[in-house]
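Rule-based calculations on the coordinates, nothing more; no lab input. What you see is a predicted model; the values in this text were computed from it and never measured. FYI the Cβ positions are ideal-geometry reconstructions off the backbone, even for glycines, and counts take in every protein chain you see.
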Amino acid sequence: MLVEPLSEKQIRSSFVNCTKGEAARLRLPLDFDELPWDDLDFLGWVDPGAPLRAHLVVSRAQGPLGISLRIPSVRRTSAVKSSMCQICLTGHASSGVTLLAAPLAGARGREGNTVGIYICADLACPLYLRGKRQPKLRSGRYEESLTLDERLARMSGNLDAFAAKVAAA
Ligand SMILES: [Zn+2]
């Protein structure tokens, strides 16, 4: 499902895992007025004012759900470094995928609990799947027999599962 174009107000009020103050202060994408909404199954961006932070807004029947993420200050040593995005399964050179951590919604998040995910570093998964953006230095393109619609559906499923982990307080 494509996202309906969202207003700044809708976006700022959609966040479930940061404070109202943080949601008010975060910076929208620099190209917010020109976003290719027709190609976006979700909105994801690195905060232009805080490069260690990123944000996702997922469209749901109940309204948009915003998730704030950050680059973890301490990398868990058990994490296997991945060069594949866990949302859209695009393979990148290692710098093209970032490990981000989302605080859980509610009290568990305030206690410091997070859920991590490897994701395209620019959070532009829908554009990679549609071929509107190409991964850099892609090593060994792997071919899939899935159609674009099937891959988009898989991406949405992965994102929904991640959002559910964050939002289940
Ligand atoms: Zn991706």
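Debye-formula intensities of region 8-167, expressed as log10 I(q)/I(0) at q = 0.14 Å⁻¹, are -0.70 (one equal scatterer per alpha-carbon, no solvent). Across region 144-154, coupling constants 3J(HN,Hα) worked out from phi with the 6.51/-1.76/1.60 Karplus curve, θ = phi - 60°, read 10, 8, 6, 6, 4, 4, 5, 6, 5, 5, 5 Hz, and Gly and Pro carry x. Close amide-amide hydrogen proximity is noted between Phe15 and Gly66, each under 5 Å apart and 5 or more residues distant or on a separate chain (H modeled in the peptide plane; Pro and chain starts excluded).
Counting only residues at least eight positions apart within a chain, or on another chain, the aspartates and glutamates with an alpha carbon under 20 Å from that of Lys165 are Asp41, Glu111. Net charge dipole, the chain: roughly 760 debye, given to the nearest 20, about the Cα centre with Cβ charges of +1 for Lys and Arg and -1 for Asp and Glu. Taking a ≥ b ≥ c as the square roots of the eigenvalues of the Cα gyration tensor, region 79-119 is prolate, since a/c reaches 1.5 or more and a/b is larger than b/c.
Between Asp122 and Trp37, residue separation times 0.36 nm minus the direct Cα-Cα distance comes to 29.0 nm.
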